[in-house]
Amino acid sequence: MKQKRQLLIIGLVWPEPQSSAAGWRMQQLIEFFLRENYQITFASAAAQSPFSLDLTKLGVQTAEILLNDASFDDFLQQLQPDAVLFDRFMIEEQFGWRVAEHCPQALRILDTEDLHLLRLARQKASEQNRKFEADDLYSETAKREIASILRCDASLMISEFECDLLAQQFGISADLLCYVPFLMDEISQVEKLNIQSFDERKDFMFIGNLMHPPNWDAVRALKDHIWPLLSKQLPEATLKIYGAYTPPKAQQLHKPSERFYIMGRADSATEAIGQARVMLAPIRFGAGVKGKLLEAMQVGTPSVTTTVGAEAMHINGAWNGLIVDAPEEFVSAAIRLYTDQALWEEAQKTGFEILEQRYDKKKFESILSQRIEALFLNLKAHRQKHFLGQILHHHTLGSTRYMAKWIEAKNKNN
């Protein structure tokens with residue numbers, strides 16, 4: 001058995017695997033580190049919700065922490081973690097300097113979730129009704145996120161496309177990046193046989209946290225452009241929209257007379273996806289890997305999505321359905337996939353192949369385990385090789401430190 005190590009995970013939020021792909025991702029990482037014999041403490045300054053994962057049942061200790069407060073320094077000194085995992089770059093900005101100051105030998109790992117600089121650049125271009133350009137990447141968010149990557153010993157990347165982008169556009173060394181996609185269990189033959197068939201299914205669906213801009217944009221595209229055309233061609237079909245957090249503006253789109261249903265939170269995402277014949281995901285901007293499309297593959301539900309939606313997920317263009325971008329083509333593709341049983345079954349088969357080839361849990365857990373062990377063994381040499389990270393700690397986080405202390409003093413005086 002491997003040496004027992006102490007891991008501190010600092011979460012932007014408490015993970016909700018049933019609400020978002022980010023929560024699902026965090027659960028997978030927690031389970032990986034538990035199997036690696038780590039004692040895990042999960043800490044967050046956010047409030048828990050009724051849908052937060054019960055970490056104590058997994059054997060994970062939990063701690064509520066404060067922003068801009070020296071109590072976190074005391075917490076660190078008592079815990080003395082061997083490794084710290086930051087949940088997104090904003091958390092590393094907030095707490096990274098404290099970790100470097102009080103636990104300098106702790107391995108610092110950043111889980112990017114998705115590359116924020118890419119998602120926000122694409123969103124800006126989409127909102128301005130223009131094509132996304134490489135120049136859009138060079139933003140304030142990019143400066144912050146890349147600085148965070150450079151300060152950490154390793155960054156977990158969920159998308160190969162994003163690894164390539166960081167290397168080619170920003171010159172980030174491969175030594176600082178570790179590609180770890182969603183970690184999927186193998187689907188057995190028995191599970192495949194129990195999946196509902198083409199004839200047993202009906203209707204279209206979409207699922208996603210509707211507070212997340214790419215998901216909300218996709219729902220608007222469905223309501224305004226795609227469903228009005230698609231519903232005329234398939235008058236018996238309905239479109240059901242599921243969302244973990246459904247704001248009032250989304251609820252107002254509920255139109256049973258148009259067979260367009262806002263369903264709210266699904267009790268079981270896999271069950272809701274597994275009953276539909278086709279998932280529609282007209283994702284115009286975003287980043288990372290789309291958890292909803294992976295869940296669709298798991299339960300044998302083909303999908304129609306965009307180039308951005310299928311990014312870093314397909315195999316040389318082969319997809320669990322069809323990839324199109326123009327609204328008119330999207331409608332035609334949806335009709336084809338919904339009505340052509342042979343095409344549908346071939347798409348389902350391709351989805352299973354994608355899971356097996358790109359998301360093999362055993363393969364990528366082994367790679368991650370080896371990378372982390374190598375870092376523990378060679379941490380001093382690794383940091384010397386990437387000395388720019390130490391420079392950024394010295395200068396950039398100096399300002400963060402003094403700002404935090406100023407906020408803390410201000411709060412005490414109020």
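The values are calculated or read from the model by the stated rules, or taken from the named source; none is laboratory data. Small disclaimer: the values here were computed from a predicted structure and weren't measured. So basically every Cβ, Gly included, is an ideal-geometry build from the backbone, and we count neighbours across all protein chains shown. Protein only, heavy atoms only, side chains kept; ligands, DNA and RNA dropped before computing areas. Shrake-Rupley method; radii C 1.70, N 1.55, O 1.52, S 1.80 Å.
Here the range 208-272 has 51 percent of its accessible surface on carbon and sulfur atoms, given a 1.4 Å probe and all protein chains in place. Full extension of the chain between GLN3 and HIS394 gives 137.6 nm of extra length, using 0.36 nm per residue less the Cα-Cα distance. In the range 75-202, a dipole from Cβ-located charges (positive for Lys and Arg, negative for Asp and Glu) runs towards its positive end, and of ALA174, ASN194, PHE86 it is PHE86 whose Cα lies farthest in that direction. Under the rule a/c < 1.5 gives rounded, and otherwise a/b versus b/c splits prolate from oblate, where does the range 70-202 land using the Cα gyration tensor? Oblate is the answer for the range 70-202, as a/c is 1.5 or above yet b/c matches or exceeds a/b.
Considering only DSSP beta bridges whose two residues both sit in the range 1-156, what percent are antiparallel, to the nearest 5? The partial results should precede the final answer.
Details: 0 of 23 bridges.
Here the antiparallel bridges make up roughly 0 percent for the range 1-156.
A 1.4 Å probe run over the protein chains yields, for the chain, 46 Å² of accessible area per residue, whole-number rounding. Within a straight-line Cα-Cα reach of under 23 Å, LYS349 can be paired with the following lysines, leaving aside sequence neighbours fewer than 8 residues apart in one chain: LYS192, LYS202, LYS290, LYS292, LYS361, LYS362, LYS363.
Ignoring everything except DSSP H segments at least 4 long, calculate the 222 nm mean residue ellipticity for the chain; use -39,500 (n - 2.57) per segment, divide by total residues, nearest 500. Please list the in-between numbers first.
Working: 17 runs with 196 residues, N = 414.
Per the formula, -14500 deg cm²/dmol.
Using only the Cα atoms of the range 172-261, build the gyration tensor, take square roots of its eigenvalues as a ≥ b ≥ c, and label the shape rounded, prolate or oblate: rounded if a/c is under 1.5, else prolate if a/b is larger than b/c, else oblate. Mind dumping the intermediate values first?
On the way: a/c = 2.56, a/b = 1.31, b/c = 1.95.
Verdict is oblate for the range 172-261.
Of all the accessible heavy-atom surface of the range 293-404, with the other protein chains kept in place and a 1.4 Å probe, what percent is carbon and sulfur? Roughly 55 percent, rounded to a whole number.
Within the accessible area of the range 1-148, the carbon and sulfur atoms contribute 48%, probe 1.4 Å, all protein chains present. Put simply, the amide H of THR62, placed in the peptide plane, has neighbours under 5 Å in PHE42, leaving out anything fewer than 5 places away on its chain.
The DSSP beta bridges internal to the chain are antiparallel in roughly 5% of cases. Let me know the shape class of the range 249-345, please: from the alpha-carbon gyration tensor, a ≥ b ≥ c as square roots of the eigenvalues, rounded when a/c is under 1.5, otherwise prolate if a/b is greater than b/c, or oblate. Since a/c stays below 1.5, the shape of the range 249-345 is classed as rounded. Put simply, the amide H of LEU177, placed in the peptide plane, has neighbours under 5 Å in SER155, leaving out anything fewer than 5 places away on its chain. In degrees between 0 and 90, to the nearest 10, how far off the longest principal axis of the chain does helix 387-413 point, with axes built from Cα atoms? The helix 387-413 is inclined about 90 degrees to the chain.
For the chain, a crude dipole built from +1 on the beta carbon of Lys and Arg and -1 on the beta carbon of Asp and Glu, taken about the Cα centre, is about 680 debye to the nearest 20.
Couplings 3J(HN,Hα) for the range 148-164, derived from phi with the Karplus relation 6.51 cos²θ - 1.76 cosθ + 1.60 (θ = phi - 60°), are 5, 4, 5, 6, 8, 6, 7, 10, 7, 10, 8, 10, 5, 4, 6, 4, 5 Hz, where x marks Gly and Pro.
Sorted by packing (mean other beta-carbon atoms within 10 Å per residue), highest first, where do 244-253, 346-355 land?
Values: 244-253: 14.8, 346-355: 18.8.
Packing order, densest peptide first, comes out as 346-355, 244-253.
How high is the relative contact order of the range 155-304? Use alpha-carbon pairs under 8 Å, at least six apart in sequence, and give a whole percent.
That works out to 25 percent.
For the range 1-156, count all C-alpha to C-alpha pairs, find those more than 22 Å apart, and express that count as a whole percent of the total.
Numbers: 5444 of 12090 pairs.
Considering the range 1-156, 45 percent of its Cα-Cα pairs are separated by more than 22 Å.
When peptides 179-192, 129-142, 36-49 are ranked by their average number of other Cβ atoms within 10 Å per residue, the highest-first order is 36-49, 179-192, 129-142.
Note the angle between two axes, namely the Cα long axis of helix 327-339 and the longest principal axis of the Cα atoms of the chain, as a number of degrees from 0 to 90, rounded to the nearest 10. Roughly 70 degrees between the two axes.
In the chain, the longest principal axis of the Cα atoms and the axis of helix 361-377 are about 10 degrees apart.
Here the gap between LEU193 and GLN251, fully extended at 0.36 nm per residue and compared with their Cα-Cα distance, gives a gain of 17.2 nm.
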